[in-house]
Each structure stands twice: as structure tokens, then as C-alpha cells.
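These notes are about the structure you will find just below.
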Amino acid sequence: MKGYAAGVLLNGKESPFEKALTPVQCLHYCLNRPAVASVMVGVDNSSQVLAATAYATSSNKEKDYSEVIANAPRSSFSGHCMYCGHCAACSKKIDIALVNKYLDLSLIQENVPETLKNHYELLEHHASECIEC
């Protein structure tokens with residue numbers, strides 16, 4: 001599993017729970033799912049590595065995410081792209097899932113990394129080609 005949902009769960013503004021989870025809470029949630037044996041996390045710096053490895057020495061109270069989920073607003077993921085690629089085929093051949101993924105990743109960044117910009121630019125077709133069919 002990807003433990004931070006591309007950083008969305010660590011951001012109170014973007015999180016579906018309307019509250020940020022800690023890295024430890026995210027990891028604990030993942031590791032308690034049936035059949036999950038490992039969790040992948042993306043990091044930008046050493047402090048984020050330390051935040052993830054803190055899981056090994058965290059207390060049960062620090063791992064507990066139940067309050068965040070219990071107090072989450074009732075909402076739907078309707079309109080939220082899960083990047084599965086099962087949406088209607090685009091007549092302009094835009095990879096809708098990847099465009100949405102890159103958009104979501106850029107929205108949670110303070111400064112959009114050059115690598116993300118480069119990945120988007122390498123797409124054969126871009127969102128600007130959309131005809132809103």
C-alpha cells in the first residue's frame with residue numbers, strides 16, 4: 001500500500017477526513033489491513049524519513065487513528081479520481097487518470113517539483129487538449 005495517499009492524508013485541507021493524519025497513524029492504518037505486509041512511503045527529506053521510522057517506537061495512543069475517522073464528515077468520494085484508468089476512453093487520447101494524478105500531486109505541494117512538471121510534459125496529450133465531451 002501507499003501509506004500517505006500521495007501526501008493527501010497528511011494534509012488537513014486535502015484529506016477526505018478534513019483533518020491531517022500523522023505519518024504514524026497512516027502507517028498503522030495500512031499495516032492493520034488484511035494481507036498488507038508492507039507499506040511504501042514517499043519522502044523528500046530526512047525529517048520525513050524519521051517521521052516514518054518513528055512508527056517502530058510509537059505508542060498505541062500515537063498510532064490510534066480512530067478519532068480522526070470517527071469524527072470525519074460524512075462524505076462521498078464521488079468526483080475524486082482514484083487513477084484506476086477505468087473512466088470513459090478519451091476521444092483526444094488524453095490519459096485522464098495520469099493527468100488527474102499529476103494535478104492532485106501538484107495541488108498538495110508548496111512548490112511543484114520539476115520532476116512532476118517533467119512527467120506531465122512527457123505525456124503524449126495534455127489537459128489543454130480536452131474538448132469537454
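The values are calculated or read from the model by the stated rules, or taken from the named source; none is laboratory data. No experiment lies behind these values; they were computed from the predicted model shown. Positions of Cβ are backbone-derived with ideal geometry, glycine not excepted, and every protein chain shown enters the neighbour counts. Calculation scope for accessible area: heavy atoms of the full protein, side chains included, ligands and nucleic acids excluded. Shrake-Rupley method; radii C 1.70, N 1.55, O 1.52, S 1.80 Å.
Brief remarks on what is shown
- Answer from S38, S47 - the residue that is of a type outside the set (A, V, I, L, M, F, W, C) and either assigned to a helix (DSSP H, G or I) or more than 15 Å from K2 (Cα to Cα) (or both): S47
One line per residue, one yes/no per condition, for (1) open to solvent by 60 Å² or more (accessible area, probe 1.4 Å); (2) out of contact with any Pro (no Cβ under 7 Å at 6 or more places or on another chain); (3) free of Cβ contacts under 8 Å to residues at least 24 places away in the same chain; (4) outside any loop (DSSP other than H, G, I, E, B):
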{"position": "I69", "(1), (2), (3), (4)": "yes, yes, no, yes"}
{"position": "H86", "(1), (2), (3), (4)": "yes, yes, yes, no"}
{"position": "K92", "(1), (2), (3), (4)": "yes, yes, no, no"}
{"position": "L98", "(1), (2), (3), (4)": "no, yes, no, yes"}
{"position": "L105", "(1), (2), (3), (4)": "no, yes, no, yes"}
{"position": "L123", "(1), (2), (3), (4)": "no, yes, no, no"}
{"position": "C133", "(1), (2), (3), (4)": "yes, yes, no, no"}
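- Of all residues in segment 50-63, those being over 12 Å from Y4 (Cβ atoms) and either in a loop (DSSP other than H, G, I, E, B) or aliphatic (A, V, I, L, M) (or both) number 5.
- Among the residues of segment 1-35, those that are among the aliphatic types (A, V, I, L, M), over 12 Å from the mean Cα position of the chain (by Cα) and not in a loop (DSSP other than H, G, I, E, B) comprise V24, L27, L31.
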